[in-house]
Amino acid sequence: MTNQERYAELVRAFLGQPGVSQDGKGFGASALKARGSIFAMLSSRGEFVVKLPAQRVDQLVAAGEGSHFDAGKGRPMKEWLALAAASSLEWAPLAAEAQEFVASRRRG
């Protein structure tokens with residue numbers, strides 16, 4: 001199964017949940033959002049990307065599960081994990097963790 005197919009399955013599973021959407025234009029247009037903020041997406045390079053607390057991202061990077069996501073600006077983002085292709089981590093639990101993290105934050 002390709003990353004695009006895996007992501008499409010994930011989207012179908014999450015879009016039925018309250019407060020989850022997939023809308024907008026430009027960066028993150030196909031991203032999953034909680035309370036209007038992106039929590040999971042498939043990057044233009046086909047990487048599965050989630051937003052998690054910086055400490056959690058650092059742990060996963062240190063464990064070899066992925067890298068800090070770079071949105072093409074040459075600067076890795078501390079709260080974003082791009083999952084490594086070789087990672088054995090399941091996408092749905094990571095997305096749920098990211099959804100909870102994003103939904104718990106105050107938008108201001």
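The values are calculated or read from the model by the stated rules, or taken from the named source; none is laboratory data. Just so you know, these numbers come straight off a predicted model, no measurement behind them. With ideal geometry, Cβ positions are generated from the backbone for all residues, glycine too; neighbour counts draw on all protein chains shown.
Per the listing GLN59, GLN55, the residue uniquely polar (S, T, N, Q), closer than 16 Å to VAL102 by Cβ and out of contact with any helix residue (DSSP H, G or I) (no Cβ under 9 Å at 6 or more places or on another chain) is GLN55.
Pick from the range 31-48 the residues that are hydrophobic (A, V, I, L, M, F, W, C) and touching a helix residue (DSSP H, G or I) at 6+ places or on another chain (Cβ under 9 Å): which of them is surrounded by the most Cβ atoms within 10 Å (Cβ to Cβ)?
Out of the qualifying residues, it is ALA40.
Considering the range 39-101, there are no qualifying strands (runs of 3 or more DSSP E) wholly inside with 2 or more residues that are in contact (Cβ under 8 Å) with a residue 60 or more places away in the chain.
Given the structure, is GLY28 in contact with a helix residue (DSSP H, G or I) (Cβ under 6 Å, 6 or more places away or on another chain), in a loop (DSSP other than H, G, I, E, B) and either modelled with pLDDT under 90 or surrounded by 11 or more Cβ atoms within 10 Å (Cβ to Cβ) (or both)? Here the answer is no, as GLY28 does not meet what is asked.
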